[in-house]
Structure formats: structure tokens, C-alpha cells
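See structure below.
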Amino acid sequence: QLQLMESGGGSVQAGGSLSLSCVANGYRIWKNCMSWFRQSPGKEREGVAALCANGEVKFYADSVKGRFTISATSTLNNITLQMNNLNPEDTAMYYCAAKGWGLTAGAYDSWGQGTQVTVSS
């Protein structure tokens, strides 16, 4: 099935920035989305941002609007999540997902292994 390759996680101080990348081999956003989810211990997986419909539709969680930006390369198989003004509440394992819609985890059938983001105060 589809392989998703994630990168860009790391550890930063509050107020800092990180950029996450996800490459989907053999896949192009067309009728569905590529997206980022996150999950911290003891919490359910949360949809963060999604880019859909050939790049024409975007979704963001309310908690990240104005701070995070999702974008894609011209080939529409590589999405970037630019995360600015990070705070400790953003600490989580971030997962790339593909072939779904919106910010509902159950809608996606392809997932990456995740990349850890840690924000210290």
C-alpha cells in the first residue's frame, strides 16, 4: 500500500518553529487529502491540518489556526506543515495520513510512522 515518509520533528523551546514534511510515493492529492494528526499520551488522535482536493481545500484545527500552515509541492505528493509560535501544548507524536478527508482520523487509510515534536517551556 501507500508509503508515507515523515521528517522534521525535533525539540524546540516555546515560541520556536518547526517544519514537518511528508512524502507519499506514488500518490497525488486529487479527490481526497493528505493531512497531519497528532497524539500525546493519554489523549485521542487529533486532526491538525489537511490539504485536499488538488490543494484547493484546507482544514485546520482551531487550536493551530494562525500558527500552523499546511502546503504542498507542485507535484501534490509532498506536504509541509510549517509550525510557528509553538507552545508546550503542541507536544505530541505527529502522524502524516493520506487518502481520507478532513480531520477525522477514521477517514484515512494510510499512515506514517510518526515524528516526535517536543516543545519545552
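The values are calculated or read from the model by the stated rules, or taken from the named source; none is laboratory data. Just so you know, these numbers come straight off a predicted model, no measurement behind them. Don't worry about glycine lacking a Cβ; one is built from the backbone with ideal geometry, like all the others, and counts go over all protein chains shown. Accessible surface areas use protein heavy atoms only, side chains included; no ligands, DNA or RNA. Shrake-Rupley method; radii C 1.70, N 1.55, O 1.52, S 1.80 Å.
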| request: Figure the gain on full extension for LYS58 and GLU46 (residue separation times 0.36 nm, minus the Cα-Cα span) and round it to one decimal in nm. | output: 2.7 nm
| request: Write out the GluC sites (Glu not before Pro) in the range 36-121 meeting two conditions: DSSP loop, and at most 10 other Cβ atoms within 10 Å of their Cβ. | output: GLU44, GLU56
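Based on DSSP loop calls and a cut-off of at most 16 other Cβ atoms within 10 Å, the longest stretch of the chain free of exposed chymotrypsin sites (Phe, Trp or Tyr not before Pro) is what?
Excluding the exposed sites themselves, the longest stretch runs over 31-100.
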| field | Probe 1.4 Å, all protein chains present, accessible-area order of ARG38, ARG45, ARG28, largest first | value | ARG28, ARG45, ARG38
| request: State the percentage of accessible surface on the chain attributable to carbon and sulfur atoms; use a 1.4 Å probe and exclude ligands, DNA and RNA. | output: 47 percent
| query | Just the accessible area per residue of the chain, please: how many Å² with a 1.4 Å probe? | reply | 49 Å²
| How far apart, in nm, are two points set 7 Å out from the Cα along the Cα-to-Cβ line at TRP101 and at SER11? | 4.2 nm
| task | In whole Hz, with x marking every Gly and Pro, tabulate ³J(HN,Hα) for the range 3-18 from phi via Karplus 6.51 cos²θ - 1.76 cosθ + 1.60, θ = phi - 60°. | result | 9, 10, 10, 9, 7, x, x, x, 10, 9, 8, 3, x, x, 10, 9
| task | Can you tell me how much longer the chain between ASN87 and LYS65 gets when fully stretched, taken as 0.36 nm per residue apart minus their C-alpha distance, in nm with one decimal? | result | 6.6 nm
| Integer Hz, Karplus 6.51/-1.76/1.60 couplings in order for the range 86-91, x for Gly and Pro | 5, 10, x, 5, 7, 4
| task | Can you give me the three principal axis dimensions of the chain from its C-alpha atoms, in Å, biggest first? | result | 39, 27, 23
